[in-house]
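First comes the structure, then the notes that go with it.
The values are calculated or read from the model by the stated rules, or taken from the named source; none is laboratory data. Everything numeric here is computed off the predicted structure, so don't read it as measured data. For neighbour counting, all protein chains shown are included, and Cβ atoms are generated from backbone atoms with ideal geometry for every residue, glycine included. When the accessible area is computed, the model is the full protein with side chains, heavy atoms only, and any ligands, DNA or RNA have been set aside. Shrake-Rupley method; radii C 1.70, N 1.55, O 1.52, S 1.80 Å.
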Amino acid sequence: MAEKRDYYEVLGVSKGASDDELKKAFRKLAKQYHPDLHPGDKDAEEKFKEVNEAYEVLSDPDKRARYDQFGHAGVDPNYGGGAGGAGGFGGFGDMGDIFDSIFGGFGGFGGGRRSDPNAPRRGEDIKSSVIIDFMDACKGKSVNIKVNRAQRCDACGGTGAAAGSSPKTCPDCNGRGTVRVTQRTPFGNIAQTTTCNRCRGKGQIIENPCPVCGGQGRVRTSVEKEIEIPAGIDDGQTLRVAGEGNSGINGGPNGDIHINVTVRPDPLFERDGYDVWTDIPLTYTQATLGDDITVPTVDGKVTYKVPEGTQTGTVFRLRGKGIKKINRPDHGDHYVRVNVEVPKNLSREQKQKLKEFEQSLTDKNYAKRSSFFDKLKKKFK
């Protein structure tokens, strides 16, 4: 048996390569050695199979762990010379795959079924983001976003084949996308279903790829879309735009765009769900005597009558003056939190008048208390 090359060496990556690095290396090499691009080239075909085999193992966490520990003997039951050889029982390290073949998966004894590789498939979703001001979130706004998405190739109509040609049924798998292979195990030979190497599970091969999309049927392009941000959206919420994601495959529907919305904080308003809070300062006189004050809200200024004797920390509620609820006509409420400002740097005359005012209040309260207790005494005599 020819000595197999190290799988990491085959893909040209380090042993600690991430999943993304593995995928990137596989795509590059698979495209380089694909049989459709090198018809009749046995060397390219063998390298293509080698790349597929390496990626199949390293992209599977369990197989990769066994390969890192035992090498090829951990994933190939035929490696090392059969029963009693270096692999022991024809590769005893692959027992998990054997039982998967018997009790699950698509292989086993022919009890599994595989979906049609050429059936319509929905396009992938796209993630995007947008930053808007606080008032734009309250009122709604139209914004333009740019996204990179895969669109159906107009040159080939999404088939991946150059003009005047069409994809052909894969002769190795007869369009199924899978082939059955026989694996020697301690329990005898077991038939297993695996992805067809020639068509990579597509069931079709493209002998003359479209020069625009390279046989993919889709092209990557940047598009600008006008999106309506609904009134009432909150910071961190995600807006779904249906049908504007990547184009579907084999006539399948398009994916969606999911837009994460970030709302800039406002220096005046504080949001709590659909309610709004503001802090309003009152002068000592306004708090003591009461006054009509102007309160800014998300819908404009409103007048509110502050009662006499209002204390710091008092909260007033303005019903229906909050943020509009998404896809509903009603609004939240607006809460006003009062802060009484204590006067500073008073003149001697102002201080004296303030003391006289305080004394008058004290005398008035004393008189009220005395009157109350006098009435109480008379009641219980």
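Every condition in (1) under 30 Å from Leu239 (Cα atoms); (2) open to solvent by 90 Å² or more (accessible area, probe 1.4 Å) is met by Asn174 except one, and the failing one is (1). Pairs are defined by a Cβ separation below 9 Å, a sequence spacing of at least 6 or placement on different chains, a first member in the stretch 276-305 that is touching a residue at least 60 places away in the same chain (Cβ under 8 Å) and acidic (Asp, Glu), and a second member that is part of a strand (DSSP E or B) and open to solvent by 80 Å² or more (accessible area, probe 1.4 Å); the pairs so defined are Asp279/Glu270.
Residues in the stretch 7-64 that are of a type in the set (A, V, I, L, M) and over 28 Å from Glu207 (Cβ atoms) were compared, and the one that is most open to solvent (accessible area, probe 1.4 Å) is Val13.
Looking at the stretch 238-250, can you tell me whether even one residue there is open to solvent by 40 Å² or more (accessible area, probe 1.4 Å) and in contact with a helix residue (DSSP H, G or I) (Cβ under 8 Å, 6 or more places away or on another chain)? For the stretch 238-250, residues open to solvent by 40 Å² or more (accessible area, probe 1.4 Å) and in contact with a helix residue (DSSP H, G or I) (Cβ under 8 Å, 6 or more places away or on another chain): absent. For the stretch 140-171, taking the residues that are of a type in the set (Val, Ile, Thr) and closer than 23 Å to His34 by Cβ, the one that is surrounded by the fewest Cβ atoms within 10 Å (Cβ to Cβ) is identified as Thr169.
The set of residues from the stretch 12-30 being within 24 Å of Pro211 (Cα to Cα), free of Cβ contacts under 8 Å to residues at least 24 places away in the same chain and not aliphatic (A, V, I, L, M) comprises Lys24, Arg27, Lys28.
Pairing each residue of the stretch 52-71 that is under 26 Å from Cys199 (Cα atoms) with any residue that is open to solvent by 60 Å² or more (accessible area, probe 1.4 Å), provided the two are 6+ apart or on different chains, yields C-beta distances under 6 Å for Asn52/Asn197. Is it true that Gly214 is in contact with a Phe, Trp or Tyr (Cβ under 8 Å, 6 or more places away or on another chain) and either on the phi > 0 side of the Ramachandran plot or crowded, with 20+ Cβ neighbours inside 10 Å (or both)? Criteria not met by Gly214. Within the stretch 294-333, restricting attention to residues that are assigned to a loop (DSSP other than H, G, I, E, B) and of a type in the set (A, V, I, L, M, F, W, C), the residue that is surrounded by the most Cβ atoms within 10 Å (Cβ to Cβ) is Ile323.
A Cβ distance below 6 Å, combined with a sequence gap of six or more or placement on separate chains, defines the contacts here; from the stretch 262-273, residues that are under 12 Å from Gln237 (Cβ atoms) and of a type in the set (Val, Ile, Thr) reach residues that are open to solvent by 90 Å² or more (accessible area, probe 1.4 Å) and part of a strand (DSSP E or B) in the pairs Thr262/Ile131.
Taken as a whole, the stretch 91-102 holds no residue that is modelled with pLDDT of 85 or more, among the small types (Gly, Ala, Ser) and under 28 Å from Arg27 (Cβ atoms).
For every residue, the table says whether it meets (1) assigned to a strand (DSSP E or B); (2) acidic (Asp, Glu).
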| residue | (1), (2) |
| --- | --- |
| Glu124 | no, yes |
| Ser129 | yes, no |
| Asp136 | no, yes |
| Val143 | yes, no |
| Asn148 | yes, no |
| Gln151 | yes, no |
| Ala155 | no, no |
| Gly158 | no, no |
